[in-house]
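First comes the structure, then the notes that go with it.
The values are calculated or read from the model by the stated rules, or taken from the named source; none is laboratory data. Quick caveat, the model's predicted, so the values are computed rather than measured. Using ideal geometry, Cβ is built from the backbone for each residue, glycine included, and neighbour counts are taken over all protein chains shown. Surface accessibility is based on the protein's heavy atoms, side chains included, excluding ligands, DNA and RNA. Shrake-Rupley method; radii C 1.70, N 1.55, O 1.52, S 1.80 Å.
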Amino acid sequence: MLTSSSQALAGAAGSAPVQTFEYSVGGATMKVPTGCMFSHIIRGKGKKITYQNAGVDCAFVGALSSGFCNWRIDFTYADTDNRTYRTSRGATHAQCKIDPMRNNSPQTLPRYGKACAHLHVNGVRRVSQCHHITK
């Protein structure tokens, strides 16, 4: 949870497991095994975000896979009624990468709600992680 007091800076970090899945790239079947976590870090004060990053870390068998091909990371922002009002869509990266990562620009949100990061692989959203932005 991202919270703020009168002078304090706040932040949050969270992770969600990437479930095992298969997908096809150029006729080859790719498999993402267990052992990967999608992490989302956010820092700031109130509605002001000074730093935001999301990425995948893999261990054990997951670290031995070919990684994630045709991936992108999006950041979305929703109000307290869960209506998404802003999306920062990341670039799609054709190369396969075991540890995809993206930073987002500092910004001030117009309202409280939540900030989420989403990992898409081959056009399909595979995992999300969110933080609530509150007073």
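If you go through the stretch 72-84 one residue at a time, do you hit one that is exposed (fewer than 15 other Cβ atoms within 10 Å of the Cβ) and more than 19 Å from S128 (Cβ to Cβ)? Within the stretch 72-84, none of the residues are exposed (fewer than 15 other Cβ atoms within 10 Å of the Cβ) and more than 19 Å from S128 (Cβ to Cβ). Of the set (1) assigned to a strand (DSSP E or B); (2) surrounded by 12 or more Cβ atoms within 10 Å (Cβ to Cβ), all apply to G90 but (1).
Residues that are part of a strand (DSSP E or B), modelled with pLDDT of 90 or more, open to solvent by less than 70 Å² (accessible area, probe 1.4 Å) and hydrophobic (A, V, I, L, M, F, W, C) within the stretch 2-26 comprise A12, A16, listed in sequence order. Looking across the stretch 13-52 at every residue that is of a type outside the set (A, V, I, L, M, F, W, C) and without any contact (Cβ under 8 Å) to a residue 12 or more places away in the chain, the one that is nearest to T76 (Cα to Cα) is identified as E22.
Among the numbered conditions (1) open to solvent by 40 Å² or more (accessible area, probe 1.4 Å); (2) touching a Phe, Trp or Tyr at 6+ places or on another chain (Cβ under 8 Å); (3) modelled with pLDDT of 85 or more, the only one that K31 does not meet is (3). Of all residues in the stretch 96-113, those that are more than 11 Å from F75 (Cβ to Cβ), part of a strand (DSSP E or B) and open to solvent by less than 70 Å² (accessible area, probe 1.4 Å) total 1.
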